Each structure stands twice: as C-alpha cells, then as structure tokens.
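Take a look at the structure below.
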Amino acid sequence: MRRYETIFIIDNDLSEEGRSPILEKLENLIQQYNGLRVMFDEWGTKRLAYEIKKKARGYYVCLDYCGSGPLVNEIERFFRIDDRVLKYMTVVLDKDVDIENVKEEIAKAEEAKAAQIVTSDVEPTKEPDAESKTSDKQEDETSENETTENETTLPEKNVEEA
C-alpha cells in the first residue's frame, strides 16, 4: 500500500453545503477501495496564481491517505467529472507504508490536537512577584550605568570652510 497526498481546489463560490458532498464522496471512495484517510486538511479560500475557469479565488483542500492505484484513479476520475473541482494534484509520499505505523501516527496527532485544545481553553495568567520586579529594576539601573569595553569614539574631523 502507498501513501498519497492530493491537493485540490474547489470553486470558491460554493457554500459549506456545496462543498460537503465532495468531501463526503472522497471519504466514501477511500472506504470503498479499502484505503485509510490519514489527514483531511481544509486550507480555506486563497487567491489563485492565475485564473482557472474565470475564477480568481479557490478553496484549497489537502487530503493525505493510504491506498492503491485504483483508489487514486477513481479519485482523479471523480475530480475530472465534477465541475466544482477546479484543479487537483496527487503526489506519492511513500511507496511502501506500514499501516500500523500510520494508525499510530494518526492516534498521536489526535492526542496532540486534543491536548492543544485543552491547553488553549485554560490560559494561565502570569503575574510577576515582588522579587522579579525588583530584580528587573536593578538590571535596568546597572545596564544604564555600565559602559562596554568595545565602545569606540570616532575622532572629530576639522572642517575648513573654503
């Protein structure tokens, strides 16, 4: 089994309800062809480098998955048929993938994401204590009074008026 990454651009004029059938179809294709979805990352609306089908903006989506050649062929066939998909590109990330390692990677990514959500919900407030306030003031005072040995003064040039 191989690991692939497919980046595709959907018509920006579609609403969330218009994009969801495309994404659901991809999920169904991956399951139907015994593939494994690793990551589904929606990058959002971005400006295109050049106009495609008279559109200047597109909705970017990155799909990372494991599967075989027939799965990739079917996904690309679906993209060619569907007018809502402006462009797509598939790249092979790894030619020989161990599914168990990929599943562990997915689990770790989900744990990290869950931990990140939990930590972002609770923001610790740091108030400096009295000792740190006085040490900061002392450092400021000493730095103002000290001069470094590397400081040099440039000699003044005499300017004569002509």
*Whichever residue in the range 81-100 is in a helix (DSSP H, G or I) and surrounded by fewer than 10 Cβ atoms within 10 Å (Cβ to Cβ) and, among such residues, is modelled with the highest pLDDT*: I81
*asked:* Out of the residues in the range 61-88 meeting the condition of being of a type in the set (A, V, I, L, M, F, W, C) and farther than 16 Å from Y33 by Cβ, tell me which one is farthest from the chain's Cα centre (by Cα).
replied: I81
*Does D64 meet the test of being in contact (Cβ under 8 Å) with a residue 24 or more places away in the chain, more than 26 Å from A107 (Cα to Cα) and not aliphatic (A, V, I, L, M)?*
no
*Take the range 57-80 and flag every residue that is among the β-branched types (V, I, T) and part of a helix (DSSP H, G or I).*
V72, I75
*Selection within the range 3-34 - touching a residue at least 12 places away in the same chain (Cβ under 8 Å), among the hydroxyl-bearing types (S, T, Y) and over 25 Å from E51 (Cβ atoms)*: Y4, Y33
*Which listed residue is surrounded by fewer than 16 Cβ atoms within 10 Å (Cβ to Cβ), of a type in the set (A, V, I, L, M, F, W, C) and assigned to a loop (DSSP other than H, G, I, E, B), from L14, L23*: L14
*Just to be sure, is F40 aromatic (F, W, Y) and assigned to a helix (DSSP H, G or I)?*
no
*Name the residues in the range 26-55 that are surrounded by 15 or more Cβ atoms within 10 Å (Cβ to Cβ) and within 20 Å of the chain's Cα centre (by Cα), would you?*
R37, V38, L48
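The values are calculated or read from the model by the stated rules, or taken from the named source; none is laboratory data. Everything numeric here is computed off the predicted structure, so don't read it as measured data. Note that each Cβ is placed from the backbone with ideal geometry, even for glycine, and that neighbours are counted across all protein chains shown.
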